[in-house]
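The values are calculated or read from the model by the stated rules, or taken from the named source; none is laboratory data. Because the structure is predicted, anything quoted here is derived from the model rather than measured. Counting neighbours? That spans all protein chains shown, and the Cβs are built from the backbone with ideal geometry, glycine included.
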Amino acid sequence: MELRRRLIMLPPITIILLALIVWFYPSSADFRLDNPGWNGLEKFVAEFNASPATHLQRSSLPPGRTALVVVPLEKFTEPELLQLKDYVSSGGMLAVFDDYGNGNQLLDYLGLEARFTGRPLLDPLFNHKSEWLPRIMDLPAIRVARGVESVVLNHPSSLAGVSRDEVLARSSAFSFLDLDGDGAPGETEPTGPLPVLARVMIGKGSVVLMADPSILINGMIDIGDNRAFLRNVLDIGGAGARVFVDESHHGKAPLDEAKKALAVTHGALSAPLGMMGLVGTVLTLSLRPIWQRKGERVG
Amino acid sequence: MKKLLVTLAAIASAAAMAGLTSCTAPAALVLHENPTTAKSLFPARSLILLHLRDIASDISAEDLAKARSVIRNTPYASVPRELQHIIERYNQYSSDLVNSFEELEAVLDRASWLTSEGRLAEARRELERAKVALSRTERLIQDLKGAARTVANQLGAFAALAPAKLTEAYDQLQRATETLESQREKYRRLSLSLEAPTAKEEAELEPTEVTLDLDTAKIFVGESMIASGSITSRGSSLPNRRLTILVNGRPAATVHAAADGSYQQRVEIPYKYVPSMTVQASYTPTDNDLGTYVASVSQPRQVETTFLETALDIRVPDKALRGLPLTVAGAVTSPDDAAPGKRTVRVLLGEEVLASFYTQGSFSQRAVIRPQTPAGSYPLTIAVDAEGPYSGISRQKLLEVMEPSLAVKAPQFLFVPGSVDAAVTISPEIETPSDAVVRLKLGENTTVLNASEHKTFAGTLDVPLSLVLIGPQRLEASVEGLEHKGPLHTATRTVVVINLANIGIVALLLLPVGLIARKRMRGRPRTDYAEAGLPKGIAEPAESTPPLQTQRTTRFGDEGSRILAAYMKAAQAIAEARDVPVRSHQTLREFIGVAALNGAVEAFMELTATAERTLYSAHIIDMAEAVRAENLATMVEEVMKDGAS
């Protein structure tokens, strides 16, 4: 009997233990705002006082003096695309950080000719340790180059369809697009300088295109002059612009989904109805022996 | 049954842990790598040579701005450590060569212009400078070639089995450095082309002489003086010639000579706050004088200039927090004048103007450092602009701009209902602007903290009501500046909120439930069952029946043994289900009393009666009774199992 009781208690204890682990275990997914690891955005959030914009609700995105950072690893829905377009047209600054994701879907919707090439940009001469981490030194725009001598990227891509006036940063003449994936420059592969940062005006606002979202992660923000560079890029929306980060297209990791579910549950239980339901359930389970006993007597 | 339960529990736990493992596996949607573990790779050797070639090519093509840009990028090239020094030398030679070519171009341009102006003496001086620059470029080109050869040698370009790309790259570098010779030669020819006509012109043209006198040797800035003199050529006056009066080399006035070649002109001394100035009169041939006369300049005259000096006292902090204002104070005075008048003062951080204002003496001014300013040391300059006879002045001090960090002091555990006394300290502890707004937020409640004497901000915040019994919440502190909307800096602290009210309510609800449940779990008293009475048709066993366990089942024959075995089986099932052990001193009937059967009462009663008849009476047990007893035992056992599950 004793063993039976213990076995009955084991599943709920396991569930509670797992819930605690899921709650407190740090996120390790790419680009998560609460991820303190090398691939998270915790430093970016602290440095730039960034707030999450989990749902692209227009009411939570005041267009004036704001910058919305988007890393489109997942596709946008039609309503989201419309809201982004409205946000930019009303004067907001949309910063799209993408290389191999779904940024082109957004650019197409906005009616821009610019595109992310979606191919790796390598630089075998000017780089940080590896050709996959090219160094950018060609910053023709003064507003981006202030306090910046070089920027280091991490497996970036490049931009196409941008005019000379729109380009804000370019790779070196020794860089190339690795179309065939062999890591070596081929005769038919485009060589540098290639644009990696551009700004396009739409209505009252602007869209900034950066061909490498990895520059935002904790492991990259302290390298070279990346921090000052990011500050200059976000200041394009106005000095001291409030920074928002759209998390809803960063991809879904099981741990983060579990955390989200726990947070929703916690929120539901904190609400009046939820708390009453919980108390009611506990009362029901506790009084069950009595009800069963009454039922047998009547029978 | 037990084994089944244990197995199920183990499987469930293993599945849960496996689920957790999958939860912790990071998503791999984007291709990027950890930069700290990235492997160092050096580029193809030929690329290094091609980069050096680009520098030389840009210099040769006279695209000196581009050459400078490429030179600036060289330190960022990934090169083997053993090559870094020689490549730095190549870079330095290239940079010096660019400077020399720029100087040559400027000097030769000026010499050409001076010659066209007839200012042959000056043109000659410029040509001498050009010769020196040419000599320097020749040396630098040789040094550059030497460095290029060294780099190529270390890269193995001269080895017997050097790769074709490497040798090709070196050939290109060599050709590029050779073109530097051509560039230098071009400048040399230009210089020679200017020397000859200068000398020729000097021999053919008529010399001129200009004299200059000033009516004063000391003057206040902004005031004027009379400059006079004459212009002659070989003793003969040159009437109606246009002369330029130069002050410190800059034209200050023009005058035409009179019929006798003399001139007189009022010249205003500019507002330049220097102790003396040089005045000269200059003649440049124009119109018909071109090709006839040589340009000339008078002997320089020194005039002592005076002005009212400005003194500046400043009081500025050593450290400041970005995003928050700092106060600069001081006083602008003039030792020579008691009432200096309104002066413009500017506060600069590096080259950025933080504030600009007017003052007539003492001042105390706020200047806000932009939140975007990176932390670091900057020169803070307080500059007073020159105004009329008053000179300007500036004072500079190094200011360390720091990132403020907020420390929130509050109890770790907060109770609802209640309030929390919290304090926020901004560090580093430097002068915090009194008008900075520090807010504290917990859930939906926000309060503004007041500055205290010890450079902290303190206040009381009501803990918001919620229905959570106990849980973590974020206590958030933020600093806002008046000039900037929204929080400049924030800090959070996790506190545990304990909702005493809710815990009390829940405890009150659950306490009686718990008590009742505990009471039920302990079992029924014997009298309850005895009062209920036995079911009809069951013979009541004798009260003085001895305990079952002292009996031996073997002496009762097969049927009797089977009946007793069935009873033992049923009793054991009841004992496990009800957690009531079979005690040695108990009679069969006493066992019924303590068992507190809820189900299978009739069956077990019948079985008990049968067992007692077997034990204590002379009744002869037949097979049917034995079978019946076994069936009853099975029934009891099943009921007990159902009850347990």
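Under 9 Å by Cβ, and 6 or more places apart or on different chains, what pairs join a residue from segment B:443-458 that is farther than 23 Å from B:VAL496 by Cβ and among the polar types (S, T, N, Q) with one that is outside any strand (DSSP E or B) and at pLDDT 75 or above?
That search, which allows pairs on different chains as well, returns nothing.
Taking the condition of being closer than 18 Å to A:VAL88 by Cα and under 18 Å from the mean Cα position of the chain (by Cα), how many residues in segment A:227-246 meet it?
The number of residues fulfilling the criteria is 7.
Residues to consider are B:GLN412, B:GLN396, B:GLN372; find the one that is of a type outside the set (Ser, Thr, Tyr), modelled with pLDDT under 90 and surrounded by fewer than 16 Cβ atoms within 10 Å (Cβ to Cβ). Talk me through it step by step, then tell me what you get.
Numbers: B:GLN396 fails: modelled with pLDDT under 90; B:GLN372 fails: surrounded by fewer than 16 Cβ atoms within 10 Å (Cβ to Cβ).
Selected residue: B:GLN412, the only one of B:GLN412, B:GLN396, B:GLN372 that is of a type outside the set (Ser, Thr, Tyr), modelled with pLDDT under 90 and surrounded by fewer than 16 Cβ atoms within 10 Å (Cβ to Cβ).
In segment A:168-193, what residues are of a type outside the set (S, T, N, Q) and within 18 Å of A:PHE229 (Cα to Cα)? Steps first, answer last, please.
So the first thing to find is which residues in segment A:168-193 are of a type outside the set (S, T, N, Q), and the list is A:168-170, A:173-174, A:176-187, A:189-190, A:192-193.
If the condition is that a residue be of a type outside the set (S, T, N, Q) and within 18 Å of A:PHE229 (Cα to Cα), then A:LEU168, A:ALA169, A:ARG170 are the ones that fit.
B:THR137 versus (1) buried (at least 20 other Cβ atoms within 10 Å of the Cβ); (2) touching a Lys or Arg at 6+ places or on another chain (Cβ under 9 Å); (3) assigned to a loop (DSSP other than H, G, I, E, B): which is the lone unmet condition?
Condition not satisfied by B:THR137: (3).
Kindly provide the set of residues from segment B:172-215 that are among the charged types (D, E, K, R), modelled with pLDDT of 85 or more and closer than 27 Å to B:GLN299 by Cα, ordered by number.
B:GLU206, B:GLU209, B:ASP213, B:ASP215
Could you tell me which numbered condition B:SER57 fails, if it satisfies all but one of (1) touching a residue at least 24 places away in the same chain (Cβ under 8 Å); (2) on the phi < 0 side of the Ramachandran plot; (3) more than 14 Å from chain A (Cβ to nearest Cβ); (4) not hydrophobic (A, V, I, L, M, F, W, C)?
(3) is the only condition that B:SER57 fails.
When you check B:ARG301 against the structure, is it buried (at least 18 other Cβ atoms within 10 Å of the Cβ) and charged (D, E, K, R), yes or no? Spell out the reasoning first.
Numbers: buried (at least 18 other Cβ atoms within 10 Å of the Cβ): no; charged (D, E, K, R): yes.
For B:ARG301, the condition - buried (at least 18 other Cβ atoms within 10 Å of the Cβ) and charged (D, E, K, R) - is not met.
Go through (1) without any contact (Cβ under 8 Å) to a residue 60 or more places away in the chain; (2) assigned to a strand (DSSP E or B); (3) buried (at least 17 other Cβ atoms within 10 Å of the Cβ) for B:VAL353 and report which single condition fails.
Going through the list (1) without any contact (Cβ under 8 Å) to a residue 60 or more places away in the chain; (2) assigned to a strand (DSSP E or B); (3) buried (at least 17 other Cβ atoms within 10 Å of the Cβ), B:VAL353 breaks only (3).
Against the condition touching a helix residue (DSSP H, G or I) at 6+ places or on another chain (Cβ under 9 Å) and part of a loop (DSSP other than H, G, I, E, B), how does A:ALA198 come out, does it pass? Spell out how you get there, then give the answer.
Working: touching a helix residue (DSSP H, G or I) at 6+ places or on another chain (Cβ under 9 Å): yes; part of a loop (DSSP other than H, G, I, E, B): no.
Here the answer is no, as A:ALA198 does not meet what is asked.
If you check B:LEU615, B:LEU607, which single one turns out to be surrounded by 19 or more Cβ atoms within 10 Å (Cβ to Cβ) and at pLDDT 90 or above?
Going through B:LEU615, B:LEU607 in turn, the sole match is B:LEU607.
Filter segment A:206-226 for residues that are within 8 Å of chain B (Cβ to nearest Cβ), buried (at least 21 other Cβ atoms within 10 Å of the Cβ) and not hydrophobic (A, V, I, L, M, F, W, C) and give the result. Outline the logic, then answer.
Start the filter on segment A:206-226 by keeping residues that are within 8 Å of chain B (Cβ to nearest Cβ), which leaves A:213-214, A:217, A:219-220, A:223.
Subset that is buried (at least 21 other Cβ atoms within 10 Å of the Cβ): A:213-214, A:217, A:220.
Scanning segment A:206-226 gives A:PRO213, A:SER214.
Could you tell me whether any residue of segment B:362-383 is away from every other protein chain (no Cβ under 14 Å), over 35 Å from the mean Cα position of the chain (by Cα) and assigned to a loop (DSSP other than H, G, I, E, B)?
No - not one qualifying residue is present in segment B:362-383.
Only one of these is in a loop (DSSP other than H, G, I, E, B) and either under 26 Å from the mean Cα position of the chain (by Cα) or more than 24 Å from A:VAL243 (Cα to Cα) (or both): A:ASN127, A:ASN154. Name it.
Every option except A:ASN154 fails the conditions.
If I go through segment A:115-135 residue by residue, how many of them are more than 10 Å from chain B (Cβ to nearest Cβ) and either surrounded by 24 or more Cβ atoms within 10 Å (Cβ to Cβ) or out of contact with any helix residue (DSSP H, G or I) (no Cβ under 6 Å at 6 or more places or on another chain) (or both)?
Pass one, segment A:115-135, residues more than 10 Å from chain B (Cβ to nearest Cβ): A:115-119, A:121-122, A:134.
Restricting the remaining residues to those that are either surrounded by 24 or more Cβ atoms within 10 Å (Cβ to Cβ) or out of contact with any helix residue (DSSP H, G or I) (no Cβ under 6 Å at 6 or more places or on another chain) (or both) gives A:116-119, A:121-122, A:134.
Total satisfying the criteria: 7.
Show the residue pairs meeting these rules: Cβ distance below 7 Å; 6+ apart or different chains; first residue within segment A:56-85 and of a type in the set (Asp, Glu); second residue modelled with pLDDT under 90 and outside any loop (DSSP other than H, G, I, E, B).
Note: no pairs meet the criteria.
Which one is nearest to the other protein chains (Cβ to nearest Cβ) among residues in segment A:136-173 that are at positive phi and touching a strand residue (DSSP E or B) at 6+ places or on another chain (Cβ under 9 Å)? Talk me through it step by step, then tell me what you get.
Initially, segment A:136-173 is screened for residues at positive phi, giving A:147, A:155, A:161.
In the following step, the residues that additionally are touching a strand residue (DSSP E or B) at 6+ places or on another chain (Cβ under 9 Å) were identified as A:155, A:161.
Numbers: A:HIS155: 5, A:GLY161: 22 Å.
Of everything passing the filter in segment A:136-173, A:HIS155 is nearest to the other protein chains (Cβ to nearest Cβ).
Tell me, which residue of segment B:565-607 that is acidic (Asp, Glu) and more than 11 Å from chain A (Cβ to nearest Cβ) is nearest to B:VAL627 (Cα to Cα)?
Narrowing segment B:565-607 to residues acidic (Asp, Glu): B:576, B:579, B:590, B:602, B:606.
Next cut, more than 11 Å from chain A (Cβ to nearest Cβ) only: B:590, B:602, B:606.
Numbers: B:GLU590: 25, B:GLU602: 17, B:GLU606: 13 Å.
Restricting to residues being acidic (Asp, Glu) and more than 11 Å from chain A (Cβ to nearest Cβ), the top hit is B:GLU606.
I'm told B:GLU128 meets every condition in (1) more than 14 Å from every other protein chain (Cβ to nearest Cβ); (2) of a type outside the set (Lys, Arg); (3) within 43 Å of the chain's Cα centre (by Cα); (4) part of a helix (DSSP H, G or I) except one. Can you identify the failing condition by its number?
The single condition B:GLU128 does not satisfy is (3).
Checking B:GLN264 against (1) modelled with pLDDT under 95; (2) in a strand (DSSP E or B); (3) not hydrophobic (A, V, I, L, M, F, W, C), only one condition comes out false. Which one?
(1)
For segment A:64-95, what are the residues that are within 14 Å of chain B (Cβ to nearest Cβ) and either assigned to a loop (DSSP other than H, G, I, E, B) or modelled with pLDDT of 95 or more (or both)?
Those that are within 14 Å of chain B (Cβ to nearest Cβ) and either assigned to a loop (DSSP other than H, G, I, E, B) or modelled with pLDDT of 95 or more (or both): A:GLY64, A:ARG65, A:VAL71, A:PRO72, A:LEU73, A:GLU74, A:LYS75.
Please give the strands (runs of 3 or more DSSP E) falling wholly within segment B:453-552 in which 2 or more residues are surrounded by 14 or more Cβ atoms within 10 Å (Cβ to Cβ), within 12 Å of chain A (Cβ to nearest Cβ) and modelled with pLDDT of 80 or more. Break it down into steps so the answer makes sense when it comes.
Working: elements: B:456-462, B:470-480, B:489-499.
Filter on segment B:453-552 gives B:470-480, B:489-499.
Test A:LEU234 against the criterion of being hydrophobic (A, V, I, L, M, F, W, C), buried (at least 21 other Cβ atoms within 10 Å of the Cβ) and either in a helix (DSSP H, G or I) or within 11 Å of chain B (Cβ to nearest Cβ) (or both), and give yes or no. Steps first, answer last, please.
Numbers: hydrophobic (A, V, I, L, M, F, W, C): yes; buried (at least 21 other Cβ atoms within 10 Å of the Cβ): yes; either in a helix (DSSP H, G or I) or within 11 Å of chain B (Cβ to nearest Cβ) (or both): yes.
Yes: the conditions hold for A:LEU234.
Restricting attention to segment A:1-55, which residues are farther than 30 Å from A:LEU84 by Cβ, within 10 Å of chain B (Cβ to nearest Cβ) and in contact (Cβ under 8 Å) with a residue 24 or more places away in the chain?
The answer is A:VAL22, A:TRP23, A:TYR25.
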